[in-house]
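**Q** Following this message is one structure expressed as structure tokens.
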């Protein structure tokens with residue numbers, strides 16, 4: 001088993017630290033690693049901790065083995081869910097010298113299902129005294145590079161690859177909103193900038209295990225995604241969503257073979 005290794009992680013993200021040395025913990029490095037992570041490590045519900053296990057064992061979202069997770073998710077490039085990828089990326093950033101902390105969010109679907117505000121896991125990273133929103137573990141579509149958090153929760157627009165993003169204060173939280181080139185604003189999820197500890201996800205873990213006990217590997221929705229140079233490809237069940245240069249297209253795949261082909265292309269990185 002390959003235990004957590006910073007240099008192996010950086011190689012997966014396209015940086016040879018043995019030749020070039022470890023990158024400086026600055027904004028340019030953070031932007032590059034964030035984008036490369038989303039391109040190099042897919043979101044995979046079948047590799048996520050938040051799916052039923054064949055043994056029926058409970059899902060551990062808090063105290064899982066990060067070394068074993070690193071081996072599958074990063075070293076082998078199989079990808080995973082938000083908990084694995086966020087915790088591993090946080091560890092990488094801290095190894096490089098960044099101040100990176102966990103924060104929590106919830107999607108509309110998660111709030112409806114669980115009624116909690118500690119569901120999705122993401123990061124806030126401070127660079128040059130400014131906090132940036134970092135999220136490499138959301139299936140998307142979402143932002144591909146860190147978003148400025150400090151001084152930017154007034155709805156001002158931040159543009160990436162043809163899509164617009166804005167952060168809007170709502171009570172004690174912030175809405176992350178997104179708009180493709182030809183579309184309307186929609187809310188991706190709501191988050192609170194408060195720094196969290198992993199054990200604060202215990203309540204969500206308990207609720208998730210109750211729900212997962214009622215589904216099987218065959219009935220749980222399958223979700224896969226990977227970033228490409230100018231956007232993202234997301235497969236949820238049979239719904240294929242592509243975002244390229246801000247242009248969003250969606251269609252339903254009716255052929256089982258095409259579903260498998262798209263899934264495999266996302267997982268192995270052979271997207272056109």
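Bear in mind these aren't lab numbers, they're just calculated from the coordinates by the rules spelled out. Since the model is a prediction, treat every value here as computed from it, not as a measurement. Cβ atoms come from the backbone with ideal geometry, glycine included; neighbour counts cover every protein chain shown.
**Q** Order these peptides, 181-187, 260-266, 135-141, by their mean beta-carbon neighbour count within 10 angstrom, highest first. Write out the running numbers ahead of the final one.
**A** Values: 181-187: 11.9, 260-266: 15.7, 135-141: 24.0.
Packing proxy ranking, top to bottom: 135-141, 260-266, 181-187.
**Q** Specify whether the C-alpha gyration tensor of the range 50-187 places it in the rounded, prolate or oblate class, a ≥ b ≥ c being the square roots of the eigenvalues: rounded for a/c under 1.5, otherwise prolate if a/b is larger than b/c and oblate if not.
**A** On the way: a/c = 1.81, a/b = 1.40, b/c = 1.29.
Cα axes put the range 50-187 in the prolate bin.
**Q** Let me check against my output: what whole-number percent is the relative contact order of the chain, with C-alpha pairs under 8 Å and at least 6 apart?
**A** On the way: 527 pairs, mean separation 51.1, N = 272.
About 19 percent, as a whole number.
**Q** Something else now. Taking 0.36 nm per residue of sequence separation and subtracting the Cα-Cα distance, how much length would be gained by fully extending the chain between residue 192 and residue 239, in nm to one decimal? Let's see the in-between values first.
**A** On the way: separation 47, 0.36 × 47 = 16.92 nm, distance 2.98 nm.
Length gained, residue 192 through residue 239: 13.9 nm.
**Q** With the Cα gyration tensor of the range 153-272 giving a ≥ b ≥ c as the square roots of its eigenvalues, does the rule (a/c under 1.5 for rounded; else a/b larger than b/c for prolate; else oblate) give rounded, prolate or oblate?
**A** Numbers: a/c = 2.28, a/b = 1.09, b/c = 2.09.
Verdict is oblate for the range 153-272.
**Q** How far apart, in nm, are the 7 Å Cα→Cβ label points at residue 64 and residue 126?
**A** Distance between the two pseudo-spin positions: 2.9 nm.
**Q** How long are the semi-axes of the equivalent ellipsoid of the range 1-122, defined as square roots of 5 times the Cα gyration tensor eigenvalues? Whole Å, largest first. Walk me through the numbers on the way to the answer.
**A** On the way: eigenvalues 141, 62, 28 Å².
The three semi-axes for the range 1-122 are 27, 18, 12 Å.
**Q** Starting from the Cα of residue 154, step 7 Å along the direction of its Cβ; do the same at residue 210; then give the gap between the two resulting points in nm.
**A** Computed distance between label sites residue 154 and residue 210 equals 4.3 nm.
**Q** I've got another one for you. In deg cm²/dmol and to the nearest 500, what is the mean residue ellipticity at 222 nm of the chain if only DSSP H runs of at least 4 residues count, each as -39500 (n - 2.57), divided by the residue total?
**A** Numbers: 8 runs with 76 residues, N = 272.
Dividing the helical sum by the residues of the chain leaves -8000 deg cm²/dmol.
**Q** Moving to a separate point now. Any idea what the alpha-carbon Rg over 2.2 N^0.38 Å comes to for the range 6-268? Walk me through the intermediate numbers first.
**A** Details: Rg = 17.7 Å, N = 263, 2.2 N^0.38 = 18.3 Å.
The reported ratio for this selection is 0.97.
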